[in-house]
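Please read the structure below before turning to the comments.
The values are calculated or read from the model by the stated rules, or taken from the named source; none is laboratory data. Source: prediction; values computed, not measured. Don't worry about glycine lacking a Cβ; one is built from the backbone with ideal geometry, like all the others, and counts go over all protein chains shown.
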Amino acid sequence: MSTPRSFEWLERILIPVGAVLAAMLLFALFVGLAGYPPLEVFELLYKGGFGSSFSWNNTLQRAAPLILTGLAVAIPARAGLVIIGGEGALVLGGLAAAIVGVWGLGGPALPVQLAMLLAATLAGALWIGLCGWLRHARGVNETISSLLLAYIGIALLNHFVEGPLKDPASLNKPSTAPIGDTLMLGMTPGFDVHLGLGIGVVVALFAWVVTRFTTAGFALQVVGGNPRAAQLAGLRTGAWLIGACAAGGAAAGLAGGIEVAAVHGAANSLLIVGYGYAGILVAFMARHNPLAVIPVAILIGGINAAGGMLQRRLDMPDAAVLVLQGMAFVLILASETLYGRIKFKRAAKATAPAVTTTVTAPTIATASGEKV
């Protein structure tokens, strides 16, 4: 028996929340066996991510790129594709933004900033769009190609910042030349967080509207649900696959551009911090819903922000939060089998009283006078 539509929203909330709670229990067991007090660990996780205004600012700053890298997975997933190479698009987007920023030094700030973000978006779109083309034209699995392209993108970043584009003044950490304070993005109104947060939220809302309320979003779901039916309906599946990958890559590239234009001021190895890989967890926890990506990115950003407090207070490795994220990811994937299998109690339906109808055959007189 299928789940009633009125309970679908409840199922979509209960299952991922239950998976996260199960991951927290496993993490408590893990830290307990390692000799740390689980309750204090969770208290510090809360304080480090959400316990103060400073914690919130740190969390939201980390959530800004996670929203966009989450979309880099969620948008192609609507077309039935599993893209896990957002890290490569992010670092190349940051590199493209840095190149344009250095080239535009001395020019008017706003046009150069827009050009930086546009270059980052295009770099990411081309990089992940290549995965869609390989899938369509050569039958290459997009999951493998995107992962390999992520490694290639990181290698290209290291090559350029340590070679042709290296700033001679950057000794300990090779970087491109700085873009300057005049080209750095400002703060989001009402928050002590850079404008990247607002940009990420706007992009996520736009993606949600397009995928849910437009014919383009419906076509994307048809291509992802049944490519053969999409072809029979006249849809060019190849173009939709490439477009979905390019849209996801554009989001990841934009995340890299924002990191350069709002945080680092130059392209260097600080871009390689795993935002692209964390975006995979964000997208799967949000079940590839662009709107749900926003709160999930804030949650994961808070967990990441608390890693430093765990290290300072309990002398735990700050990477311990990655163990929690890994457990959550595995359980989120495992919980996919539960959708449609949860039995919800339904209200008993009133049953009308049975009506018994007696049919009497007509009486027929025969020639002998007997009645039949």
query: Here are some residues: G225, G217. Which one is more than 19 Å from G124 (Cβ to Cβ) and touching a Ser or Thr at 6+ places or on another chain (Cβ under 7 Å)?
result: G217
- line: Quick count over the range 12-33, residues being in contact (Cβ under 8 Å) with a residue 24 or more places away in the chain and more than 24 Å from N289 (Cα to Cα), is 4
message: Condition first: within 22 Å of the chain's Cα centre (by Cα), outside any helix (DSSP H, G or I) and of a type in the set (D, E, K, R). Can you find one or more residues in the range 82-89 that meet it?
response: no
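Per-residue answers, yes or no, for (1) touching a Lys or Arg at 6+ places or on another chain (Cβ under 6 Å); (2) in a helix (DSSP H, G or I):
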position: G224; (1), (2): yes, yes
position: L235; (1), (2): no, no
position: A244; (1), (2): no, yes
position: G257; (1), (2): no, yes
position: A266; (1), (2): no, no
query: Within the bounds of the range 138-159, is there any residue that is in contact (Cβ under 8 Å) with a residue 12 or more places away in the chain, farther than 21 Å from A250 by Cβ and part of a helix (DSSP H, G or I)?
result: yes
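Which residues, taken from the range 202-218, are buried (at least 19 other Cβ atoms within 10 Å of the Cβ) and of a type in the set (A, V, I, L, M)? Let's see the steps before the verdict.
Here is the first cut: in the range 202-218, the residues buried (at least 19 other Cβ atoms within 10 Å of the Cβ) are 203-204, 207-208, 211.
Across the range 202-218, the qualifying residues are V203, A204, A207.
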query: Just one of the numbered conditions (1) assigned to a loop (DSSP other than H, G, I, E, B); (2) touching a residue at least 40 places away in the same chain (Cβ under 8 Å); (3) more than 23 Å from I152 (Cα to Cα) is not true of N58; which one?
result: (1)
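Matching residues to (1) assigned to a helix (DSSP H, G or I); (2) of a type in the set (V, I, T); (3) in contact with a Pro (Cβ under 9 Å, 6 or more places away or on another chain):
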| position | (1), (2), (3) |
| --- | --- |
| I199 | yes, yes, no |
| V203 | yes, yes, yes |
| L220 | yes, no, no |
| Q231 | yes, no, no |
| L270 | yes, no, no |
field: Scope the range 95-117; condition without any contact (Cβ under 8 Å) to a residue 40 or more places away in the chain and out of contact with any helix residue (DSSP H, G or I) (no Cβ under 7 Å at 6 or more places or on another chain); matching residues
entry: W103, G106, G107, P108, L110, P111, L114
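Matching residues to (1) among the hydrophobic types (A, V, I, L, M, F, W, C); (2) modelled with pLDDT of 90 or more:
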| position | (1), (2) |
| --- | --- |
| R12 | no, no |
| G49 | no, yes |
| P65 | no, yes |
| I75 | yes, yes |
| G80 | no, yes |
| L90 | yes, yes |
query: Restricting to the range 128-175, what's the tally of residues that are among the basic types (K, R) and under 24 Å from the mean Cα position of the chain (by Cα)?
result: 1
